[in-house]
């Protein structure tokens, strides 16, 4: 799942439109319990949110960790502005320092932070290992890293449809062409291990939506996953990956999974690790 | 995931060898906590286990529900013999009645049972809706059905491999050719709803194994999932789905997911429902 992080080595495949910002807000609000459960930092601790985007997760970090001193970093000034407004409106008591910076070169001394949090960020980086090396540098020994990523390979649904899988594959292709990896979740464990983090523990956090959960069907299947796929339509057509007719047929099938009788399954991977 | 249920309308794709019986035992022991959590029946209640196979789940049912009066049904006399031996050895206090019968025609009056339990059974039936109609008949109004199924579409792993996905696709094809459906998990909700069960609630139960969980890598990735795929090698070659060389290359890639640095993800779907 994308956020608005973009670095020079990776064009952000979903763009920065108001509609996109709205989608990211929806996404976080629907998934917050699933993704944030278990993440809380002590008051006074220094927490770096790497790639805060439009602040969708920052709000929840602030709510879960009152008193934590959060530094939220993103490369996009525009996203930071939106994030600041969002946090001011939704978590006015939060202690957040905003910084425009590249994750590969952070203006902090070694070991400056107690904790790192990165949600839907590594998937957009051409070289996530390099970013992890820099993130590790600014984390104190014994400090924790929490990383959350999706994996589009986990998308399965009823009714099944080759065309629907094809439009998802187009999104995966475009994200890959932009230097990212929409299938990153499955490789979080080896990635963090190779970056010299220790006690790497990855949990699957699976979303499953069917007719018995209409709010989740609407909030996740329709307004998060399908909206995310829809957001790359123009790019998929522009780059000749598909035709408008084929794309639209795939989307029709994908939308059927959010109709009565449909089901949708997706797994996020949440990793925690320690800097030795 | 298969058990040993076989009905005349569906040849059991995995066969009945001792090795297969051993595999099914491994499978249940590894997955028991994940799959059986939340399932316990009151002492004295009448529970029908539909398609007990070699008794892998019967043992756990008995442990979780001491005092329940379990009736375990299977079509295979050979499987029932093994199931009886297994329960005698592992749950000697269990109250189990064994019966050879076809799920489509059960020798019980309407509403005879308080609860139904069916694990890895519907996936092997050519017409699961028909079996569900008969199962519903023997369940009393207000009684519960619990059904657990896998879905091979949820299998994702690192390192990713087209060849590994291909051998899984061969297993899916063979199970389908035998009248079953290895992708059934995702459609449990509409299936039970269409069979006139009410309050249908489906939960994903996701297994994720990486190097930090060596017992799960061995017990699930290697000895359950990969062993299940391996068990159809002969049939895949006999029916010309693949060549020995391609099959073996796919298995090599699949086994790499159980080596250090590999990861493996699979989701089971657990449904509960009530007969109105």
Can you tell me which residue among A:127, A:160, A:151, A:114 is within 14 Å of chain B (Cβ to nearest Cβ) and out of contact with any helix residue (DSSP H, G or I) (no Cβ under 7 Å at 6 or more places or on another chain)?
A:160
Could you tell me whether any residue of segment B:132-147 is under 23 Å from residue A:159 (Cβ atoms) and surrounded by fewer than 24 Cβ atoms within 10 Å (Cβ to Cβ)?
yes
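For segment A:181-188, state whether one or more residues are surrounded by fewer than 20 Cβ atoms within 10 Å (Cβ to Cβ) and at negative phi. It would help to see each step written out before you state the result.
Step one: filter segment A:181-188 for residues surrounded by fewer than 20 Cβ atoms within 10 Å (Cβ to Cβ), giving none.
Checked segment A:181-188: no residue is surrounded by fewer than 20 Cβ atoms within 10 Å (Cβ to Cβ) and at negative phi.
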Working only within segment B:209-227, note down all residues that are within 7 Å of chain A (Cβ to nearest Cβ) and either under 19 Å from the mean Cα position of the chain (by Cα) or surrounded by 18 or more Cβ atoms within 10 Å (Cβ to Cβ) (or both).
B:210
Here is a list of conditions, (1) surrounded by fewer than 16 Cβ atoms within 10 Å (Cβ to Cβ); (2) in a helix (DSSP H, G or I), and residue B:201 meets all of them except one; can you say which number that is?
(2)
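For residue A:7, are the conditions met, namely being modelled with pLDDT under 95 and under 17 Å from residue A:124 (Cβ atoms)? Quick ask: steps written out before the conclusion?
On the way: modelled with pLDDT under 95: yes; under 17 Å from residue A:124 (Cβ atoms): yes.
So residue A:7 passes the test.
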Condition first: in contact with a strand residue (DSSP E or B) (Cβ under 6 Å, 6 or more places away or on another chain), within 21 Å of residue A:248 (Cβ to Cβ) and not in a helix (DSSP H, G or I). Now tell me which residues in segment A:209-231 satisfy that.
none
Which number in (1) buried (at least 20 other Cβ atoms within 10 Å of the Cβ); (2) assigned to a helix (DSSP H, G or I) marks the one condition that residue A:176 misses?
(1)
Any residue that is more than 14 Å from every other protein chain (Cβ to nearest Cβ) and in a helix (DSSP H, G or I) - is there at least one of those in segment A:256-266?
no
Expected output for segment A:247-270 (first residue in contact (Cβ under 8 Å) with a residue 40 or more places away in the chain and on the phi > 0 side of the Ramachandran plot, partner buried (at least 17 other Cβ atoms within 10 Å of the Cβ) and in a helix (DSSP H, G or I), Cβ below 7 Å, 6+ apart or cross-chain) is A:261/B:190
Tell me, which residue of segment B:65-90 that is in a loop (DSSP other than H, G, I, E, B) and more than 20 Å from the chain's Cα centre (by Cα) is surrounded by the most Cβ atoms within 10 Å (Cβ to Cβ)?
B:68
Given the criterion at pLDDT 95 or above, assigned to a helix (DSSP H, G or I) and either within 14 Å of another protein chain (Cβ to nearest Cβ) or closer than 23 Å to residue A:176 by Cβ (or both), identify the matching residue among A:234, A:206.
A:234
Of (1) touching a residue at least 40 places away in the same chain (Cβ under 8 Å); (2) over 17 Å from the mean Cα position of the chain (by Cα); (3) under 30 Å from residue B:152 (Cβ atoms); (4) within 11 Å of chain B (Cβ to nearest Cβ), residue A:185 fails just (2)
Select from segment B:188-202 the residues that are more than 14 Å from residue B:123 (Cβ to Cβ) and within 9 Å of chain A (Cβ to nearest Cβ) and list them in ascending order.
B:189, B:190, B:193, B:194, B:199, B:200, B:201, B:202
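The values are calculated or read from the model by the stated rules, or taken from the named source; none is laboratory data. If you're wondering where the values come from, they're calculated on a predicted model, not measured in any experiment. Reconstructed Cβ throughout: ideal geometry from the backbone, glycine too, with neighbour counts over all protein chains shown.
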